[in-house]
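Here is the structure we will look at, set down as structure tokens.
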Amino acid sequence: MQINPEIRTSLWKHNVRHTHTLVSGFPESWNLDNLLRVIKRQLVCNGTIKKISDGTRVIELGGGDRRQQVVSILVSEGWCQQEQISMHDYEN
């Protein structure tokens with residue numbers, strides 16, 4: 001694992017009623033399949049890994065605002081430190 005990743009958690013409004021939680025900023029060395037599996041088991045939600053146009057890998061979780069829960073999982077499982085994670089509001 002990389003020493004200083006800058007993980008970004010944010011919300012994406014899917015439509016009027018539904019929001020998704022986005023998690024991005026992962027180092028290339030991280031195995032996102034394992035991370036997603038841990039998050040999905042602990043939060044009991046659906047999720048997927050997407051690669052956007054600039055090559056950035058993003059975890060998209062359904063089921064509303066799960067930013068704080070994702071931060072707790074990342075820290076408790078030892079993926080990164082609290083200071084390395086930033087929480088943001090809605091993405092465009």
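Got at least one residue in the stretch 44-53 being in a loop (DSSP other than H, G, I, E, B), loosely packed, with under 15 Cβ neighbours inside 10 Å, of a type in the set (A, V, I, L, M) and modelled with pLDDT of 90 or more?
Start the filter on the stretch 44-53 by keeping residues that are in a loop (DSSP other than H, G, I, E, B), which leaves 44-46, 52-53.
From the residues that got through so far, the ones that are loosely packed, with under 15 Cβ neighbours inside 10 Å too are 44, 46, 52-53.
Subsequent filtering for residues that are of a type in the set (A, V, I, L, M) retains 44, 52.
The next check asks that each one be modelled with pLDDT of 90 or more; those that pass are 44.
Yes, some residue in the stretch 44-53 is in a loop (DSSP other than H, G, I, E, B), loosely packed, with under 15 Cβ neighbours inside 10 Å, of a type in the set (A, V, I, L, M) and modelled with pLDDT of 90 or more.
Can you tell which of Glu28, Glu83 is assigned to a helix (DSSP H, G or I), at pLDDT below 95 and loosely packed, with under 12 Cβ neighbours inside 10 Å? Please lay out each step first, then the result.
Numbers: Glu28 fails: assigned to a helix (DSSP H, G or I).
Exactly one of Glu28, Glu83 is assigned to a helix (DSSP H, G or I), at pLDDT below 95 and loosely packed, with under 12 Cβ neighbours inside 10 Å, namely Glu83.
Counting only residues that are without any contact (Cβ under 8 Å) to a residue 12 or more places away in the chain and in contact with a strand residue (DSSP E or B) (Cβ under 9 Å, 6 or more places away or on another chain), how many does the stretch 41-90 have?
4
Just one of the numbered conditions (1) in contact (Cβ under 8 Å) with a residue 12 or more places away in the chain; (2) part of a loop (DSSP other than H, G, I, E, B) is not true of Arg8; which one?
In the conditions (1) in contact (Cβ under 8 Å) with a residue 12 or more places away in the chain; (2) part of a loop (DSSP other than H, G, I, E, B), Arg8 misses (2) alone.
The values are calculated or read from the model by the stated rules, or taken from the named source; none is laboratory data. This one's a predicted model, so the numbers in the text were calculated from it and none came from an experiment. For neighbour counting, all protein chains shown are included, and Cβ atoms are generated from backbone atoms with ideal geometry for every residue, glycine included.
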